[in-house]
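K.L.:
Pasting a structure below so you can have a look.
Values quoted throughout were computed directly from the atomic coordinates according to the rules given, and no laboratory measurement underlies them. Keep in mind that what you see is a predicted model, and the values were worked out from it rather than measured. Using ideal geometry, Cβ is built from the backbone for each residue, glycine included, and neighbour counts are taken over all protein chains shown.
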Amino acid sequence: MNTPDSLNSEQKNILYLVTKNWENLDNSQKVILTKIWKVLTYKWQLQIVFNLPFLMWWALDKSFVKVHEFDAIILNYLNLPDWALSFIGFGQ
């Protein structure tokens, strides 16, 4: 059903509003906002880079059985107590 709101030609999408406002800014304002965004996202990027090896190992562990078996073999060699293995998820 067509309502007056649905007949409105201007989109109410957030992405559209952000891009529209971005285009209306001066170049100096764009430069300042871009620098602020880079400072804010620097730590996020750094965190992703630091966690990437662990994320790749987790993905391999979930997709390949041999990786999980390798983890279990290493844990058996460490001879950890049962309570420590239960924290890791390998306890009985």
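K.L.:
Please arrange Ser63, Ser86 by how many other C-beta atoms lie within 10 Å of their C-beta, fewest to most.
P.N.:
Listed from fewest to most nearby Cβ atoms, that is Ser63, Ser86.
K.L.:
Suppose the chain between Asn24 and Phe50 were pulled fully straight at 0.36 nm per residue; how much longer would it get relative to their current alpha carbon spacing? Mind dumping the intermediate values first?
P.N.:
Working: separation 26, 0.36 × 26 = 9.36 nm, distance 3.69 nm.
Contour length minus Cα-Cα distance gives 5.7 nm.
K.L.:
Across the range 11-88, how many lysine pairs, 8 or more apart or on two chains, come within less than 19 Å at their alpha-carbon atoms?
P.N.:
Lysine pairs satisfying the spacing and distance rule in the range 11-88 number 4.
K.L.:
Right, next: Among Asp26, Asp61, rank each residue by its count of other Cβ atoms within 10 Å, from fewest to most, as a rough exposure measure.
P.N.:
By the 10 Å Cβ count, ascending: Asp26, Asp61.
K.L.:
Also, I was wondering about something else. What is the gain in length, in nm to one decimal, between Thr41 and Trp58 on full extension, counting 0.36 nm per residue of separation less the C-alpha to C-alpha distance? Please list the in-between numbers first.
P.N.:
Numbers: separation 17, 0.36 × 17 = 6.12 nm, distance 2.43 nm.
My answer for the length gained is 3.7 nm.
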